[in-house]
Structures are given as C-alpha cells and as structure tokens.
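Inspection log for the structure reproduced underneath, given as structure tokens.
The values are calculated or read from the model by the stated rules, or taken from the named source; none is laboratory data. Remember, it's a predicted structure, so these values are computed and weren't measured experimentally. When we count neighbours, we look across all protein chains shown, and the Cβ atoms used for this are built from the backbone with ideal geometry, even at glycine. Surface areas here come from the heavy atoms of the whole protein model, side chains and all, with no ligands, DNA or RNA. Shrake-Rupley method; radii C 1.70, N 1.55, O 1.52, S 1.80 Å.
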Amino acid sequence: NSQAKIIETDYSKVDLKEVIGTGRFNFEKLLQSPTWLEIINGEHEAHRTRASDEGGLEDHHDKYAIDSFVYRRRDKPFHPKRLMAFMETVMSPDEDDAHKKKPRNILRSKGFFWLASRPEQMMVWSQAGGLIDLTSGGTWWADTPEENWPEEEIENIKDELRVSQSGDRRQELVFIGVGMDEAYIT
C-alpha cells in the first residue's frame with residue numbers, strides 16, 4: 001500500500017494514537033481496489049501486478065520474486081492430525097528441510113478452513129512469518145439457523161449453500177511467498 005504510513009517500532013511498541021482513530025483508513029477507497037477479493041475469487045489473472053506510485057504497473061514477482069496462490073477445496077474438511085503434521089513440516093522453521101520449502105518462503109498466508117473435528121465452525125487461518133494463529137471464526141451458514149441470517153444476505157446465503165453438498169464449508173487459503181512450491185504445500 002503506497003498510501004500507508006510506515007511506523008518503525010521495537011517489538012511492535014507504538015503509540016496507539018498513531019494507528020487508532022487516525023482517519024487514514026478509507027473503506028470506500030478499499031472497495032474501489034478489489035484485487036485481493038478478485039484473487040481469492042479466482043477472477044484476477046494478473047494478480048502479481050499492482051499500480052506503482054509512478055502510475056505504471058509493478059510486478060511483485062519480477063521485482064521481489066514474490067508470488068501467491070490460493071488453495072481451495074470444498075469436498076472434505078482438513079483432518080486435525082494431518083493439519084498438525086502440515087504445521088510441523090511445511091510451516092515449521094526447520095533449517096534441515098531438504099526440499100527447501102521452508103516456511104520463511106511463505107511470508108504470509110490467510111483465509112478460512114473447515115476442520116473435521118469442528119465441522120460447524122468456520123476456522124480462521126492467519127500466518128505472518130513464524131507466527132500462525134488458527135481460531136474459530138464463527139459458525140458456517142449451513143449450521144446457522146436461517147432466522148439468524150442477516151435479512152439483506154438471505155438470498156446470497158441460499159445461493160452459496162446450493163453450490164456444494166457441504167454448503168458453505170470449504171478451505172480457502174491464500175499463500176504469499178518467495179520460491180514456494182505450490183504442489184509441495186498443497
């Protein structure tokens with residue numbers, strides 16, 4: 001984000017006045033820049049480019065060797081033990097990784113997923129560097145009584161639930177990194 005204010009910190013110590021209530025976030029402007037949403041929806045082919053400050057296009061892959069991909073799956077949930085094995089192998093900072101797919105190559109990953117041991121809960125995945133957080137993000141619409149759905153979203157939710165036998169349950173994770181091996185990660 002070329003418009004972001006960069007604040008140098010030590011161990012994330014920053015005056016809250018610098019980041020809360022600043023008025024710098026513009027939701028309307030965010031809605032006009034849908035690249036992240038297009039990527040996760042699989043609608044944006046040139047996902048590696050962004051507008052530069054000079055008004056041209058800058059390719060993150062060519063300039064920084066940064067790439068991204070989205071892992072999607074609807075037919076079955078992650079198995080808890082296999083997910084743990086993934087965390088311990090692919091996401092673990094083991095310097096002896098013979099495949100050179102160390103997590104330091106995965107700079108950021110985020111999204112949501114379906115876990116077999118918690119089938120009614122949408123799980124949220126957020127990873128940056130060596131830190132990863134897997135938490136509950138609430139209940140899938142398929143497991144939420146219709147009377148609790150937001151009125152203005154009822155038709156969209158019904159459409160979403162018709163897409164698959166699993167309703168809206170799915171894995172949808174974006175991986176951003178350097179020299180990642182998509183086949184190895186997925």
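Residue by residue, here is whether (1) assigned to a loop (DSSP other than H, G, I, E, B); (2) under 23 Å from K81 (Cβ atoms); (3) out of contact with any helix residue (DSSP H, G or I) (no Cβ under 7 Å at 6 or more places or on another chain) holds:
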site	(1), (2), (3)
V124	no, yes, yes
E147	no, no, yes
S166	yes, yes, yes
R169	yes, yes, no
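I'm trying to understand the selection: among the residues of region 134-152, which are of a type in the set (A, V, I, L, M, F, W, C) and either open to solvent by less than 40 Å² (accessible area, probe 1.4 Å) or farther than 18 Å from S166 by Cα (or both)? Break it down into steps so the answer makes sense when it comes.
First pass over region 134-152, keeping only residues of a type in the set (A, V, I, L, M, F, W, C): 134, 140-142, 149.
Result: L134, W140, W149.
Taking region 67-85 only, how many residues are in a helix (DSSP H, G or I) and open to solvent by 40 Å² or more (accessible area, probe 1.4 Å)?
Here is the first cut: in region 67-85, the residues in a helix (DSSP H, G or I) are 80-85.
From the residues that got through so far, the ones that are open to solvent by 40 Å² or more (accessible area, probe 1.4 Å) too are 80-82, 84-85.
Of the residues in region 67-85, 5 are in a helix (DSSP H, G or I) and open to solvent by 40 Å² or more (accessible area, probe 1.4 Å).
Is it fair to say T139 is at pLDDT 90 or above and within 16 Å of the chain's Cα centre (by Cα)? When the stated conditions are applied, T139 does not pass them. Among residues of region 105-133 being of a type in the set (A, V, I, L, M, F, W, C) and farther than 26 Å from G167 by Cα, the one that is least open to solvent (accessible area, probe 1.4 Å) is I106.
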